[in-house]
Each structure stands twice: as structure tokens, then as C-alpha cells.
Amino acid sequence: MKRKAKVKKEQCVACGCCVKVCPRAAITVPMGICAVIDEQLCVGCGKCVKECPASIIELREVQE
Amino acid sequence: MKKKWYDHLWIFSLTYLILGFLNILFAWLGLICFVVPLMISIGHGNKAYCNKYCGRGQLFSLLGGRFGLSRKHDMPKWMKSKYFRYGFLIFFFTMFFMMLWNTYLVFAGERTLAQKVTLLWTFKLPWHWAYHGTLVSDGVAQFAFGFYSVMLTSTVLGFVTMILFKPRSWCVYCPMGTMTQLICKAKHKEVKS
């Protein structure tokens, strides 16, 4: 099992705070609507989870 | 991560607040923070302004993060709800248009210039030391006082929520952020259909 960051898209304000702290550049805000995390790049470090001002990113366990 | 030139735009935001304290006419520069995000969202259909260039966000991030002024608690649920965000957007712009109306009245000569900065839409602070006269109409100065009031009010609100919640809590209910996100949503819906 690995941990990956997941965004609750409906509540995302697309501020991009998460983009700035991601050490793997795994997050983008395409089209200014909500943050999208590239699962292949995400290592589940949780930096974005801490940073998100709306606290709408969480770490979830996923099957490898 | 290597810092880019735009990671230092917080200096612009801080300088803006200081300049408005010295000469109110500098408040006009704040229009950049209104026009640029709108132009980017309308022209490019993204929130690059929030994501990269917003100096105010960077300032809160710095004060709440590196300076440790934030409790880093979660925001209450109601504050991140769409009702609050859209409600605040409407309220903010209603007050903004009232400010424009007051400016118009001074331009039209129906009202005299009030050398005051209104904080939180209620408290009238004396600010006469920042007024050194204008070459043109008094309305130009009235707009500067009004616009600086808007900028100072939002900074104070953002600062309070920075302390109470996460550093960039302001971004969640920032009217410009909400509006540019709505523009992006509308723009991309158009493309899809």
C-alpha cells in the first residue's frame, strides 16, 4: 500500500498553494478550476495536505 | 526549489501598503491587483495570478509560515462553503461599487473630499497626512482613499484569518480568487459545449 494525495475537487478554490510546496512538481491547476495531482509523481509526503488553506487535500492509501 | 522572480512579489504588496500611508495617490497602483488577474483569467483561462504572482498571498505565506504567526488550524466549514465565498464576493463588490459612487459624487462636485480611510466598511480612520493635494480633480484623491480602504480592509481580514487559521486562508474567500475561478469555469464550459 502506498499513500497518495487526493483533492476534494468540488471544494478546491484553485489558489495553487499546493503547487508551490510540492517537491515533485506533481500538482498543476489546469484551466484555473481545481488542483490536479499526478498520481505517478506523488510520493505521498503530505506537504500539500498541510499547506492547503481550505484543508481539502488528504492522503489516501492506494493499491500499488 | 529555485526561487523565480515572481516569488518576490510580496515586496510589491508590502511597499504598496507603506506608500499609501505616505501618499494616498499611490493607492491607484492597487488597480494592478484587480486588472491583471481578470486579464489573465479572461485571456488565458487560468488562475496564474493566484498560483504564481499574487504578492498578498506570498506575504501571508511568509508571515504565517516562516515568521510563525499562524496557528495553522483548519478553517471552519462554513467559511469554505460556496455560500460564504459567493456571498462575500457579492458583498465585497457591492461595497466596491458604493465606493465608486462616492467617488463619482466628489467628481461631480456634490460632495467634498473626505480624507479618511474606512476600515472594515465601518471605521473611519483619519488619513489626512497622506494627502498632499492633486493637480486634477478631488475625485482622483477620493478614489485613492476609497481604493486604499478596500485594500487595507482585505489585508486586515486576511491577516486575522492568517493568524487564526492557515497562512493563506484569505485565498479561500478572496473575492478576486472566487471571481477568476468563476470566469475560468464559465470559459471552459463554453469550450466544452
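In table form, for the structure just shown:
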quantity	calculated
Number of positions in the range B:83-115 that are under 18 Å from the mean Cα position of the chain (by Cα) and basic (Lys, Arg)	1
Qualifying residue in the range A:26-33 (condition: within 30 Å of B:LEU38 (Cα to Cα) and more than 14 Å from every other protein chain (Cβ to nearest Cβ))	no
Filtered residue count, the range B:40-60, keeping only those that are within 16 Å of the chain's Cα centre (by Cα), of a type in the set (A, V, I, L, M, F, W, C) and farther than 17 Å from B:THR15 by Cα	1
Condition broken by A:VAL13, with the remaining ones in (1) more than 9 Å from chain B (Cβ to nearest Cβ); (2) buried (at least 16 other Cβ atoms within 10 Å of the Cβ) satisfied	(1)
Positions within the range B:77-94 being aromatic (Phe, Trp, Tyr) and either open to solvent by less than 30 Å² (accessible area, probe 1.4 Å) or closer than 19 Å to B:MET162 by Cα (or both), in sequence order	B:TRP78, B:PHE84, B:PHE88, B:PHE92
Residue in the range B:123-134 that is farther than 19 Å from B:TYR86 by Cα, in contact (Cβ under 8 Å) with a residue 60 or more places away in the chain and in a helix (DSSP H, G or I) present	yes
Sole exception among (1) open to solvent by 80 Å² or more (accessible area, probe 1.4 Å); (2) more than 8 Å from chain B (Cβ to nearest Cβ) for A:CYS45, by number	(1)
Residues (in contact (Cβ under 8 Å) with a residue 60 or more places away in the chain and not β-branched (Val, Ile, Thr)) located in the range A:33-63	A:GLU61, A:GLN63
Counted residues, the range B:163-182 - those being in contact with a Pro (Cβ under 9 Å, 6 or more places away or on another chain) and of a type in the set (A, V, I, L, M, F, W, C)	6
Matching entry among B:LYS189, B:LYS166, B:LYS185 (being basic (Lys, Arg), within 14 Å of chain A (Cβ to nearest Cβ), open to solvent by 10 Å² or more (accessible area, probe 1.4 Å) and not in a helix (DSSP H, G or I))	B:LYS166
Residue that is most open to solvent (accessible area, probe 1.4 Å) [pool: residues in the range B:95-122 that are assigned to a helix (DSSP H, G or I) and in contact with a Ser or Thr (Cβ under 9 Å, 6 or more places away or on another chain)]	B:PHE107
Scan of the range B:33-67 for residues that are more than 11 Å from chain A (Cβ to nearest Cβ) and closer than 23 Å to B:LEU164 by Cα, ordered by number	B:GLY55, B:ARG56, B:LEU59, B:LEU62, B:LEU63, B:ARG66, B:PHE67
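Here's the yes/no breakdown for (1) among the aliphatic types (A, V, I, L, M); (2) outside any helix (DSSP H, G or I); (3) surrounded by 13 or more Cβ atoms within 10 Å (Cβ to Cβ):
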| position | (1), (2), (3) |
| --- | --- |
| B:ASP7 | no, no, yes |
| B:PHE12 | no, no, yes |
| B:GLY20 | no, no, yes |
| B:PRO37 | no, no, yes |
| B:ASN51 | no, no, yes |
| B:GLN58 | no, no, yes |
| B:SER70 | no, yes, yes |
| B:MET75 | yes, yes, yes |
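The values are calculated or read from the model by the stated rules, or taken from the named source; none is laboratory data. Just so it is clear, the model here is predicted, and its values are computed rather than measured. Heads up, the Cβs are rebuilt from the backbone with ideal geometry, glycines too, and the neighbour counts pull from every protein chain shown. In case anyone asks, the SASA skips ligands and DNA or RNA and just uses the protein heavy atoms, side chains included. Shrake-Rupley method; radii C 1.70, N 1.55, O 1.52, S 1.80 Å.
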